[in-house]
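The block underneath contains the structure these notes are about, expressed in structure tokens.
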Amino acid sequence: MISLRQTKPGKRPCETEDLEFEIQFFEGVTQRDPDFIDALQILGDAYTKTGQWEKGLLIDKRLARLCPDSPLVFYNLACSYSLMRRLDAAFAALTKAVKLGYADAKWLTKDPDLENLRKDSRFQAIKLELQ
């Protein structure tokens, strides 16, 4: 079950504790089963939500190797690259997500994780491709 992820600033203390528990739990799960896609997705999500973008990026790269045909995996990879301000890599991943079938132009234009890409002409080209 691959899903879109998004960052949500301003977590309440109990949410932060829940995410820390989630991270500990799913780090253990993925150490035992490094190819457990659902666990990796949850772990990557938790890393991103807690601002651990480098770790989230590593998970997304792993998921891209495990799920090379998933548009949502490559969309999330683009988000991770964008958060890390690696714009060329973000555009490459986003372009691949669209080629694989990602089609939600509405979310693309408001996803806070992609804010770093919006002023670039490549973003407009991708957006036009989805319309």
Averaged per residue, the 1.4 Å probe accessible area of the chain, protein heavy atoms only, in Å², is roughly 55
Expressed as a percent, the accessible surface of the chain that is carbon or sulfur, using a 1.4 Å probe and the full set of protein chains, is 54
Labelled set [x] 13.0, 36; [y] 14.4, 47; [z] 14.5, 43; Rg and Dmax of the Cα atoms in Å computed from this model equals the value at [z]
Length-normalised contact order of the chain, Cα under 8 Å, at least 6 apart, in percent, tallies to 21
By the mean-Cβ-within-10 Å protection proxy, highest first, 78-89, 24-35 rank as 78-89, 24-35
Relative contact order as a percentage, region 71-127, C-alpha pairs under 8 Å and 6+ apart, gives 39
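The values are calculated or read from the model by the stated rules, or taken from the named source; none is laboratory data. Quantities reported herein were computed from a predicted structural model and do not represent experimental measurements. We place every Cβ from the backbone using ideal geometry, glycine too, and count neighbours over all the protein chains shown. For the accessible areas, the whole protein counts, side chains as well, though only heavy atoms, and no ligand, DNA or RNA atoms are used. Shrake-Rupley method; radii C 1.70, N 1.55, O 1.52, S 1.80 Å.
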